[in-house]
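The structure under discussion appears below in the form of structure tokens.
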Amino acid sequence: MFALVQNGGGVLAQTPNEGTNFLHELLLWLPLPEWIPGWALVLGAVGAGVGILVGLVSFIALWSVWMERKVSGHMQCRNGPMYAGGWHGWAQTIADGIKLFQKEDMIPIGADRVLFVLSPAIVLASIFGALAALPLSYDWYFARMDLGIFTILAIGSTTTIGVIMAGWASNSKWSLYGAMREAAQVVAYEIPLGIALMVPLITLGTFSLLDASALQSGFFGMGWAIFQNPLCLPAFIIFWIAALAETKRAPFDLPEAESELVAGFLTEFSGIRWSFFFMEEYAAMFLMSVVGAVFFFGGFESPATYALRIAGMEGTIVFSLVCFGTLVLKAFTGVFLMMWLRWTLPRVRIDQVMTMGYKYLTPLALICVLGAAIWEAILHIVLN
Amino acid sequence: MVSTKKYIGNVWNALHSTFVGMRITGKYFLQKPITVQYPDQRLPIPDRYRGIHYLEQEKCINCLACARACPIDCIEMDAIRHGKELEWVSFTLDYQKCMFCELCVYPCPKDCIHMGTEFALVTEDRSELKHDLLSFKGMAPDARVRMKEAEVKKAAKAAAKEAAAAQKAQEAGTEEDAAGGASSAEGDAGNGGGEA
């Protein structure tokens, strides 16, 4: 069985191109003078990496919030923001951000100050950590991780700790209810999320995001996992529902259910701290969409990358850019799907959330894994 | 077996209803928005809409019919009368009180107060809700002209009258001239006496 898992994608397997960290390559490429000490180079590279990540998260948050407002507006036959910045209110989020930065930073008297101050930082740090494991293109990555998906899921779920800290430290019953719901929900949905991801992992036979992407480069870049194994589609649906619950998006936004709990764990936060939580939510949406795109929908592979490969452009900067663009396009399609679901479905009750997680998604995900393994075994026997 | 059927039915229901919902929201997403960008674009307002009043001040004769008709006494007007012409001081309508009942419009003998189509009454202070409906204060330019003309006419008439009177007096004077020589001498004497 394990051998099968390792050899699962053997049909389409090819060796992914070897490479190193692009910051390292950048340092080698730059004409730096000899006298700069090694530690300064390392610090500079780390700084550049952090800068790229911060820029990425800010851009994702700014763009997604604008997109969310436009999408929700059009789904309700409205226009959404139209004035700020001129063209279709593109600068609305920037204006909102400036407003948030100017707001008074309030900490309630009864709050646990240390935890209260620390919780937005932990939430944001964990999402930065998870995004650091994300490859941006075949040769643009911070670290080549063979267990990339493990890293992302493990570090990404530490946001829950930040949320629980925020709820507990606020000294408010609404916040605490929100935090408890978050804890219950995340514990319930981590299981189907991980199990559903096992299906493409079995199909592709790798935990690395780069390798998983390279293994899906079939005809016209359409050798996506979802076409390789029929169980990938139900697994994707389960993964997607669990991802919605993980990122606290409607219909699973119970931790901040505004009609019941004021704003849940966010009740006592204002200004910049609140905006950190908000940034985390949108970055987490992007992250989950990227994971879904990489493991179900081909990652960097698309007809465009296939054509470039035929043209022998592999390894050039154009190829890397096209790979990056493909991934971002797929990720934002996923983000759009999340928004579509949010503005379609009403919020579910907490007991319905629990029922769905434990009684429906978990067993169905297990059935999918079993089915995928059997499918791969049959394929293995038939093809050999 | 029944529970298994129910379980599968629940899964199917959840998926199916989600897809139906997504189809509906997707349809709306692709539609054109039905809202308009309010201050820039406005929906057409019906002809009989009862908005903020407007006054045709030239026609108004300050008869107070509208003010008397107003059930909540929110119309106040003040004008000084110069013969036939009016010198306007104020014509205020307090929109804190006004209920847009249109009762002020009907009794107007000159048909000069109307309900308009403007409805936005946003102000920074309550006192700004007391609108002055006058488009100009004092007298209208043409009223001024009319008044001047009337004055000129009046003056001319008066002058003509005076002239006629003077002429009459003169005619009477010439008749008396022969007999009145003594009286004028008398008068001179009287004057001289006064001086002395």
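Numbers at a glance
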{"read-out": "Relative exposure of A:Trp140, A:Trp39, judged by other C-beta atoms within 10 Å (fewest first)", "value": "A:Trp39, A:Trp140"}
{"read-out": "Cβ charges +1 (Lys, Arg) and -1 (Asp, Glu), total dipole of chain A, debye", "value": "800"}
{"read-out": "Shape of the stretch A:58-151, Cα gyration tensor, a/c cut at 1.5", "value": "oblate"}
{"read-out": "Chain A: C-alpha gyration tensor shape, a/c 1.5 cut-off, then a/b vs b/c", "value": "oblate"}
{"read-out": "Highest-MSF residue in chain A out of A:Gly47, A:Gly325, A:Gly357 [GNM, Cα springs under 10 Å]", "value": "A:Gly47"}
{"read-out": "For B:15-21, mean number of other protein chain Cβ atoms within 10 Å", "value": "3"}
{"read-out": "Residue-count net charge about B:Pro33 - beta-carbon cut-off 12 Å; Lys, Arg +1, Asp, Glu -1", "value": "+3"}
{"read-out": "Among A:Phe296, A:Phe332, A:Phe227, residue whose mean-square fluctuation peaks in a GNM of chain A (springs only between Cα atoms under 10 Å)", "value": "A:Phe227"}
{"read-out": "Vicinal HN-Hα couplings computed from phi for the stretch A:309-320 (Karplus, 6.51 cos²θ - 1.76 cosθ + 1.60; Hz; Gly/Pro x)", "value": "5, 4, 6, x, 8, 4, x, 7, 5, 5, 4, 4"}
{"read-out": "Chain B: relative contact order in percent, alpha carbon pairs under 8 Å with at least 6 residues between", "value": "20"}
{"read-out": "Charged-residue dipole, Cβ positions (Lys, Arg, Asp, Glu), chain B about Cα centre, Debye nearest 20", "value": "2680"}
{"read-out": "Sequence-separation-based contact order of chain A, relative, with Cα cut under 8 Å and 6+ spacing, percent", "value": "23"}
{"read-out": "Average other protein chain Cβ within 10 Å of Cβ, residues B:33-45", "value": "2"}
{"read-out": "Per-residue Cβ neighbour rank within 10 angstrom, fewest leading, A:Asp211, B:Asp73", "value": "B:Asp73, A:Asp211"}
{"read-out": "Most mobile listed residue (A:Ile149, A:Ile52, A:Ile122) in chain A, GNM with C-alpha springs under 10 Å", "value": "A:Ile52"}
{"read-out": "Extension gain (nm, one decimal) between A:Val42 and A:Leu337, 0.36 nm per residue minus Cα-Cα", "value": "102.3 nm"}
{"read-out": "Exposure proxy order (Cβ contacts within 10 Å, fewest to most) of A:Val290, A:Val114, B:Val11", "value": "A:Val114, B:Val11, A:Val290"}
{"read-out": "Partner aspartates and glutamates for B:Lys97 [C-alpha distance under 12 Å; skip if fewer than 8 residues away on the same chain]", "value": "B:Asp73"}
{"read-out": "For chain A, calculated [θ]222 nm from helices alone, where every DSSP H run of n ≥ 4 adds -39500 (n - 2.57)", "value": "-21500 deg cm²/dmol"}
{"read-out": "Value of D in µm² per second that Stokes-Einstein yields for the stretch B:1-61, Kirkwood Rh from Cα pairs, at 20 °C (1.002 mPa s)", "value": "121"}
{"read-out": "Extension gain (nm, one decimal) between B:Phe136 and B:Glu102, 0.36 nm per residue minus Cα-Cα", "value": "9.9 nm"}
{"read-out": "Local electrostatic count, B:Arg144, Cβ distance below 11 Å [Lys/Arg +1, Asp/Glu -1]", "value": "-3"}
{"read-out": "Dimensionless Rg/Rh of the stretch B:53-142 - Kirkwood Rh, Rg from C-alpha atoms", "value": "0.96"}
{"read-out": "Residue pairs, from the table A:Lys330/B:Lys6; B:Lys110/B:Lys148; A:Lys70/A:Lys173; B:Lys137/B:Lys161; A:Lys70/A:Lys103; B:Lys59/B:Lys154, whose Cα atoms sit over 30 Å apart", "value": "A:Lys330/B:Lys6; A:Lys70/A:Lys173; B:Lys137/B:Lys161"}
{"read-out": "Cβ neighbours within 10 Å from other chains - mean over B:22-31", "value": "5"}
{"read-out": "Nearest-ten-degree value, helix B:2-30 long axis tilted from longest Cα axis of chain B", "value": "30"}
{"read-out": "Pair-distance profile P(r), taking every C-alpha pair of the stretch A:261-384, with 10 angstrom steps and integer %", "value": "10, 21, 31, 24, 11, 3, 0"}
{"read-out": "Anisotropy class of chain B from Cα gyration tensor, a/c 1.5 cut", "value": "prolate"}
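Bear in mind that the values in this text are calculations on the coordinates, not laboratory data. Keep in mind the model is a prediction, meaning the values are calculated, not measured. Reconstructed Cβ throughout: ideal geometry from the backbone, glycine too, with neighbour counts over all protein chains shown.
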